[in-house]
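Presented below is the structure to which this report refers.
The values are calculated or read from the model by the stated rules, or taken from the named source; none is laboratory data. Keep in mind that this is a model prediction, so the values were computed, not measured. Glycine gets a Cβ as well: all are built from the backbone with ideal geometry, and neighbour counts include every protein chain shown. To get the accessible areas, we keep the full protein, side chains included, count just its heavy atoms, and leave off ligands, DNA and RNA. Shrake-Rupley method; radii C 1.70, N 1.55, O 1.52, S 1.80 Å.
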Amino acid sequence: MKLEKSTLTGDKTVQISGSKSISNRLLILESLFSNIKIGNLSNSQDTQLLKKALSANTDVVDIHHAGTAMRFLTSYYSIQEGKTTVLTGSGRMKERPIKNLVSALRDLGVDIEYLENEGFPPLKITGRKITQTQVNVPANISSQFITSLLLIAGKLENGLKINLVGEVTSRSYIEMTLDILTKFGIKSSFEGNTIKVEPYHGDSASSALSYEVESDWSSASYFYSICALGRKTIHLKSFYKESTQGDSAIAKIYEDFFGIKTIFSEDEHKITLQPQPDFSFPEKIVLDMNNCPDIAQTLCVTAAALQIPFDISGLGTLRVKETDRLLALYNELKKLGTETEITDLTIQSTHFGNPQENISIKTYQDHRMAMSFAPFCLIKELNIEDEDVVEKSYPMFWEDLASVVTK
């Protein structure tokens, strides 16, 4: 897709679909407990694939590129007593490690086999009744592994105690899950490195819960980037000031480093992104994004476009996403004239030069690569390869982008 050099129109409103993270958690709980009515469900491909898998009556479930679905369904099928399920996915999915989650479930007594390579999908899962009450899990793994266990914990007759070993990664996503469980009536605690979830004893018929899903903050991040580069106001719906999404950190990050103030309108559940006049950009951005790694690509592209030096840490999980996102950033930022150095946990800029002519951004089957680089069209025309990858999390992105810019 060719994006021509554009300008931000200003004062436009975008309605963003429900949070993928919240929607996927609710779908698992809805299937386990049957008493949730979900509003503003995410229209992302990931969420639709998970919804389809949960309603399918088949022995083989293919979730394609949907990493969240792979992780959540691994635990979900583990407690479907007497049912054997083969859980598989795309070629890239078969390269994404799942050993830590499988090991935890095996420690709890679940029968899971690797059908191809040890530590990776596809999996053969034979559901069993789990009676063990606790499990040790490395704390620095993907929060989705931990959330996968938390989502089934209330269904276990003895509940579950999870001991996190080491330093916790993406704590905000774990806390989001626990907040949802609390609203559903499942009691839990998170003290130090220990999470306890009690078994759910509610009456499903009398405790039906309606849950309106807040819009997705990671999807909002691309409009923060557009606002930072275009310096005009944008309105986004539907967002809440007291959000449990870790990526809501984008509001403070962009206010601190790019002068984009977030104004909340509680009655309309709308936020206004307002550039501050005469804002002085920092000499360097130094930031630990351990709790919000999914918005790191957006931040790096914004900083590169404005040629603000950056040193971003806490990015260990980016190596095992849809692609190696750190390597992808290293490669594609060069095309914008930004040289970087990367480690397993960090990325930092080392030099700013002129953008290439005829920029064409590879997306590596990664939705966030496409969307995080798109705002650069406010600086220079560019091409986004394989633009349909945005369907994974934000199918309406290109239409929404076109609604706020003019060529």
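Suppose each label sits 7 Å from its Cα in the direction of the beta carbon; what would the Ser189-Ser280 distance come out to in nanometres?
4.9 nm
Given contacts defined as C-alpha pairs under 8 Å and at least six residues apart, what's the relative contact order of the chain, whole-number percent?
Once divided by the residue count of the chain, the mean separation gives 19 percent.
Once the principal axes of the Cα atoms of segment 27-83 are found, what is the range along each, listed largest first in whole angstroms?
Projected onto the principal axes, the Cα atoms of segment 27-83 cover 34, 28, 18 Å.
Put a dot 7 Å past each Cα toward the Cβ at Glu212 and Ser360; how far apart are the dots in nm?
4.6 nm
So how much slack lies between Glu167 and Thr182, counting 0.36 nm per residue of separation and subtracting their Cα-Cα distance, in nm?
My answer for the length gained is 3.0 nm.
Multiply the residue gap between Glu113 and Gln307 by 0.36 nm, knock off their C-alpha separation, and tell me the result in nm, one decimal place.
64.9 nm
For segment 159-261, just say rounded, prolate or oblate: build the C-alpha gyration tensor, square-root its eigenvalues into a ≥ b ≥ c, call rounded for a/c under 1.5, and beyond that prolate if a/b exceeds b/c, oblate if not.
Note, shape of segment 159-261 comes out oblate.
What number comes out for the charge environment of Glu381, summing +1 per Lys or Arg and -1 per Asp or Glu over other residues with Cβ under 15 Å away?
+1
Under a 5 Å amide H to amide H cut-off, with H placed in plane at 1.01 Å, what residues pair with Thr338 once short-range neighbours are removed?
Answer set, sorted by chain and number: Gly353.
Nearest 5 is fine: what % of DSSP beta bridges in the chain come out antiparallel, could you say?
In the chain, approximately 60 percent of DSSP beta bridges are antiparallel ones.
Can you give the local net charge around Met1? Use residues other than it whose beta-carbon is closer than 10 angstrom to its beta-carbon, Lys and Arg +1, Asp and Glu -1.
Cβ neighbours under 10 Å give a net charge of -3.
Determine the alpha carbon to alpha carbon distance for each of Lys124/Lys362; Lys284/Lys334; Lys232/Lys334; Lys183/Lys252; Lys94/Lys187; Lys155/Lys252 and list only those over 29 Å.
Lys124/Lys362; Lys94/Lys187; Lys155/Lys252
Send over a whole-number figure in Å² for the accessible area per residue of segment 266-389, probe 1.4 Å.
Per residue, segment 266-389 has an accessible area of 41 Å².
Calculate how many DSSP beta bridges within segment 72-175 are antiparallel, expressed in % of all such bridges and rounded to the nearest 5.
60 percent
Can you tell me which of 296-302, 229-235, 14-20 comes out highest on packing, and rank the rest after it, using the mean Cβ neighbours within 10 Å?
So the order, starting with the most tightly packed, is 296-302, 14-20, 229-235.
From the phi of every residue in segment 352-361, what ³J(HN,Hα) in whole Hz does the Karplus formula 6.51 cos²θ - 1.76 cosθ + 1.60 yield, where θ is phi - 60° and glycine or proline is x?
Whole-Hz 3J(HN,Hα) from phi for segment 352-361: 10, x, 7, x, 5, 7, 6, 5, 9, 8.
At what distance in angstrom do the alpha carbon centres of segment 280-319 and segment 150-189 lie from each other?
Segment 280-319 and segment 150-189 have Cα centres separated by 29 Å.
Quick check: from the Cα gyration tensor, does segment 187-315 come out rounded (a/c under 1.5), prolate or oblate?
Note, shape of segment 187-315 comes out oblate.
Taking Cα pairs under 8 Å and at least six residues apart, what relative contact order does segment 75-213 come out at, in percent?
21 percent
When the accessible area of segment 1-130 is computed with all protein chains present and a 1.4 Å probe, what percentage of it is carbon and sulfur?
Carbon and sulfur atoms account for 42 percent of the accessible area of segment 1-130.
Per-residue counts of other Cβ atoms within 10 Å, averaged by peptide: what ranking do you get for 270-279, 45-54, highest first?
Taking the mean over residues of other Cβ atoms within 10 Å, the ranking is 45-54, 270-279.
Apply 1/(1 + (r/R0)^6) to the Cβ-Cβ distance of Glu339 and Asn383, taking R0 = 30 Å, and write down the FRET efficiency to the nearest 0.05.
0.90
For segment 271-334, report the translational diffusion coefficient in µm²/s to the nearest whole number, using Stokes-Einstein at 10 °C, 1.306 mPa s, and a Kirkwood Rh over Cα pairs.
The calculation lands on 122 µm²/s.
Can you list the residues, at least 5 places off or on another chain, whose amide H is less than 5 Å from the amide H of Thr9, using H built in the peptide plane?
Here the answer is Val405, Thr406, since their amide H atoms fall under 5 Å of that of Thr9.
So what are the ³J(HN,Hα) numbers for segment 388-396, from phi and the Karplus equation (6.51, -1.76, 1.60; θ = phi - 60°), rounded to whole Hz, Gly and Pro as x?
So the J values, rounded to whole Hz, are 5, 4, 5, 4, 4, 10, 8, x, 8.
How much net charge surrounds Glu266 when only other residues with a Cβ under 11 Å from its Cβ are counted (Lys, Arg +1; Asp, Glu -1)?
For residues surrounding Glu266, the net value is -1.
Normalised by the number of residues in segment 268-407, what is the relative contact order in percent for Cα pairs under 8 Å and 6+ residues apart?
About 18 percent, as a whole number.
Indicate the gyration tensor shape class of segment 365-407 (rounded, prolate or oblate), computed on the Cα atoms with a ≥ b ≥ c the square roots of the eigenvalues: a/c under 1.5 is rounded; otherwise a/b larger than b/c is prolate and the rest oblate.
Cα axes put segment 365-407 in the oblate bin.
No solvent, one uniform scatterer per C-alpha: report log10 I(q)/I(0) for the chain via the Debye equation at q = 0.06, 0.13 1/Å, two decimals.
-0.24, -1.11
Could you do me a favour and compute the accessible area per residue for segment 8-54, 1.4 Å probe, result in Å²?
Heavy-atom SASA per residue in segment 8-54 reads 35 Å².
Specify the inter-centroid distance of segment 1-64 and segment 83-144, based on alpha-carbon positions, in whole Å.
First find each Cα centre; the distance between them is then 23 Å.
Carbon and sulfur: what percent of segment 210-293's accessible surface (1.4 Å probe)?
Whole-percent figure for carbon plus sulfur exposure: 46.
Listed here are the pairs Lys51/Lys83; Lys2/Lys261; Lys12/Lys407; which of them are more than 22 Å apart at the Cα?
Going by Cα-Cα distance, Lys2/Lys261 fall outside the 22 Å limit.
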